[in-house]
Amino acid sequence: MSESEKPPGKMVKCPQCGKPSLYSPENAFRPFCSERCRLIDLGEWASEGYRIPVSNQSSSDSLTSIDDAYDDEDDGNTHRH
């Protein structure tokens with residue numbers, strides 16, 4: 001297969017707008033379809049628009065402060081870390 005017959009690359013859905021986007025080195029904005037979509041996504045990250053959801057745990061399941069971590073390691077010893 002010659003260079004001219006080779007497919008240009010994989011087409012993916014732009015994560016920002018959903019339009020088809022060429023996923024190959026020829027597309028400088030990959031996986032986005034354009035610089036505009038890339039900058040919109042970057043702005044969302046910069047403004048903390050994307051967040052990872054956390055589940056609420058009871059206080060007995062998680063540490064309430066950094067001192068709690070040291071209290072568990074101490075086992076009655078009087079030294080500090």
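Values quoted throughout were computed directly from the atomic coordinates according to the rules given, and no laboratory measurement underlies them. Everything numeric in this text was worked out from a predicted model, so none of it was measured. No Cβ is skipped: glycine too gets one built from the backbone with ideal geometry, and neighbour counts run over all protein chains shown.
General remarks:
- For region 11-52, the set of trypsin sites (Lys or Arg not before Pro) satisfying both a DSSP loop assignment and a count of at most 14 other C-beta atoms within 10 Å is given as R51.
- Local charge for C37 was computed over the other residues whose Cβ lies under 15 Å away, with Lys and Arg +1 and Asp and Glu -1, and equals +2.
- One chain, two ends: E48 and A28. Fully extended at 0.36 nm per residue, the span grows by 4.7 nm beyond their Cα-Cα distance.
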